[in-house]
Each structure stands twice: as structure tokens, then as C-alpha cells.
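Okay, structure first, notes after.
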Amino acid sequence: MDDKDYEEQLARLQLGLVRTQQAAVASGERIVLVLEGRDSAGKDGAIKRVTEHLSPRATRVAALPKPSDRERTQWYFQRYIAYLPAAGEFVIFNRSWYNRAGVEVVMGFSTDAEQAEFLRDAPDFERMLVESGIRLVKIWLDIGKHEQKHRLDERREDPLKALKVSDMDAVAQAKWDAYSEARNVMLTRTHTPLAPWYCVRADKKKPARLAILRHLLRQVAPAEVAAEVDAPDPELLFAFDAGAIGDGRLHE
């Protein structure tokens, strides 16, 4: 894909997002996009393309820091509820309540009992969101180990990306297998008919971004807008199923 083709496709899809937000503001629709993935999987870049032309008043990105001492004593989902959308709003979670099934598992930031409770309760929590009328879209960005190393190295060497560097970067490669295992359990246990997971192969950033925008529009846009959007390549973005673990669709 050359740059011109990418920019033309991106502009058409972003126009679709603008039309979608106009309709959501008029109708009171509430939309939540959950983006999860390994460190450097491309969440920030995807979010930038989604929000670039949307209204700041009706669009929020929630990227929560580690919980405070007080928040650690609350019901786990409690602090996320405050960020859920009101009528006409679109909220993107750049990482979400799924921290408990990912980094907290690998790094031991929560107990086995807390992690088991999360896996039990997350489908019910999301069922309540969907049944309340929220349009919930969950996407896992998947990249390979070598591509992650390349991106993490690039991040450390580029002073303009200094704010993206975190302590977790240092262990992302060393704990690759543990993150894979946590991902597999998370996707398997929390993929439901009401709140399914979709996975995007994100080793190539530009096709992945376009696939995410296509999928989002086909999930939440008004029918007349969604009808104008081609489905993403199923080899690039696909609904999760157990067979994806081990058949090459998800990196091990």
C-alpha cells in the first residue's frame, strides 16, 4: 500500500466516523471502544486516526494510570464506570479493565483470587453495559515478538517518543510467553456473543489502522454509512475463536 492510497482510504473512513458521530450526537447513542494489545502494538496510532476529526466535546480517550491507594479498596470496575459515555459521547479506552487479565497477571500486581474474580465478572459487567444501550466494541491488537522488539528499540532511541517509554517496556520481551498465556486466557474467557473480541494483525501499522476503522464503522455507524464501508480483510481482522490460538492467526 503506497502512501497516497493509504491517505485516500483513511480520509474516506474518517469522514464516515464524522458522519457517525453526527448521528450519535443527534440520537443520543453511546459508544465505547476498548483497545487492548501488547506494549507497542499500535493502540496510540490507531486512536489518533480514529479521533483526528471528531469533536473533542463528544470524544474522550481514557488511559487510566495505576490505581491510587483508595481505588485499590474499591470494587475493581468502579473507577472505569466514571469514564463511561453519556448520550452522544464516544469513549475510547486505551487499555481498560482488562489490565487485570494482562499486565496484572504477568507482573503479579493482583492476586490469583482477584484475577479469577475478574474473569468471572467481566462478561456480566459488559452484558450490563450492552443491555443498557452502550455500543461496545473490543479489539485486540496482535504483533509478533520481533516486531515488538523493533518498535521498543525505536521508541527508546527517538527523543520524540520519550513519553511513550515505560517501566513495562523493559520486561515486555522477557515475559513474552507469559503475556501470550495471559492473552489466550483473557480472550477465551471474555469473548461472548454480546461483547465479542475481534483481533487485528498489527505488524503493519497502516493496514491495521484502516482495518480497525472499517470494523468500527461497520459495528456502530448508521446503516447508510456502514453500507458504504467494505469489510476488513478477514486475514487481517477477524472475530476471535479458540482455533486462533495455535493456528497462526495469533502470534505465539
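Filtering segment 123-140 to residues that are in a helix (DSSP H, G or I) and aliphatic (A, V, I, L, M) leaves MET128, LEU129, VAL130.
Could you please find all residues in segment 31-53 being open to solvent by 60 Å² or more (accessible area, probe 1.4 Å) and in contact (Cβ under 8 Å) with a residue 60 or more places away in the chain? Within segment 31-53, just ASP44 meets the criteria.
Reported count of residues in segment 175-213, each being small (Gly, Ala, Ser) and farther than 18 Å from ALA101 by Cα, is 3. Regarding segment 95-104, can at least one residue be identified that is closer than 26 Å to LYS206 by Cα, in contact (Cβ under 8 Å) with a residue 12 or more places away in the chain, open to solvent by less than 50 Å² (accessible area, probe 1.4 Å) and not in a helix (DSSP H, G or I)? Yes, segment 95-104 contains at least one residue that is closer than 26 Å to LYS206 by Cα, in contact (Cβ under 8 Å) with a residue 12 or more places away in the chain, open to solvent by less than 50 Å² (accessible area, probe 1.4 Å) and not in a helix (DSSP H, G or I). In this structure, does PHE125 turn out to be under 17 Å from GLU36 (Cβ atoms), open to solvent by less than 20 Å² (accessible area, probe 1.4 Å) and of a type in the set (Phe, Trp, Tyr)? Spelling it out, PHE125 is indeed under 17 Å from GLU36 (Cβ atoms), open to solvent by less than 20 Å² (accessible area, probe 1.4 Å) and of a type in the set (Phe, Trp, Tyr).
Tell me whether segment 62-79 contains one or more residues that are charged (D, E, K, R), on the phi < 0 side of the Ramachandran plot, open to solvent by 10 Å² or more (accessible area, probe 1.4 Å) and touching a Pro at 6+ places or on another chain (Cβ under 7 Å). Yes, the conditions are met somewhere in segment 62-79. Within segment 166-187, the set of residues being part of a helix (DSSP H, G or I) and out of contact with any Phe, Trp or Tyr (no Cβ under 8 Å at 6 or more places or on another chain) comprises ASP169, ALA170, VAL171, TRP176, ASP177, ALA178, TYR179, SER180, GLU181, ALA182, ASN184, VAL185. Against the criterion of being open to solvent by 50 Å² or more (accessible area, probe 1.4 Å), closer than 25 Å to GLN22 by Cα and either of a type in the set (Lys, Arg) or part of a loop (DSSP other than H, G, I, E, B) (or both), GLU235 does not qualify. In segment 24-54, the qualifying residues are those that are within 11 Å of the chain's Cα centre (by Cα) and among the basic types (Lys, Arg), and the one that is nearest to ARG214 (Cα to Cα) is LYS43.
Could you grab me the full set of residues in segment 105-122 that are part of a helix (DSSP H, G or I) and within 24 Å of ALA41 (Cα to Cα)? Result: VAL105, VAL106, MET107, GLN115, PHE118, LEU119, ALA122. In the set ILE143, ILE134, ILE139, only one residue is of a type outside the set (S, T, N, Q), over 25 Å from ALA244 (Cα atoms) and open to solvent by less than 20 Å² (accessible area, probe 1.4 Å); that residue is ILE134. With respect to (1) on the phi < 0 side of the Ramachandran plot; (2) at pLDDT 95 or above, the lone exception for GLY108 is condition (1).
One residue stands out among those in segment 188-219 that are free of Cβ contacts under 8 Å to residues at least 60 places away in the same chain and open to solvent by less than 10 Å² (accessible area, probe 1.4 Å): the one that is farthest from the chain's Cα centre (by Cα), which is ALA211. On inspection, LEU250 qualifies as under 19 Å from the mean Cα position of the chain (by Cα) and buried (at least 17 other Cβ atoms within 10 Å of the Cβ). Considering ASP169, ASP158, which residue is among the charged types (D, E, K, R) and touching a residue at least 60 places away in the same chain (Cβ under 8 Å)? ASP169 is the lone residue from the list that is among the charged types (D, E, K, R) and touching a residue at least 60 places away in the same chain (Cβ under 8 Å).
The values are calculated or read from the model by the stated rules, or taken from the named source; none is laboratory data. All values reported here derive from a predicted model rather than from experimental measurement. Positions of Cβ are backbone-derived with ideal geometry, glycine not excepted, and every protein chain shown enters the neighbour counts. Protein only, heavy atoms only, side chains kept; ligands, DNA and RNA dropped before computing areas. Shrake-Rupley method; radii C 1.70, N 1.55, O 1.52, S 1.80 Å.
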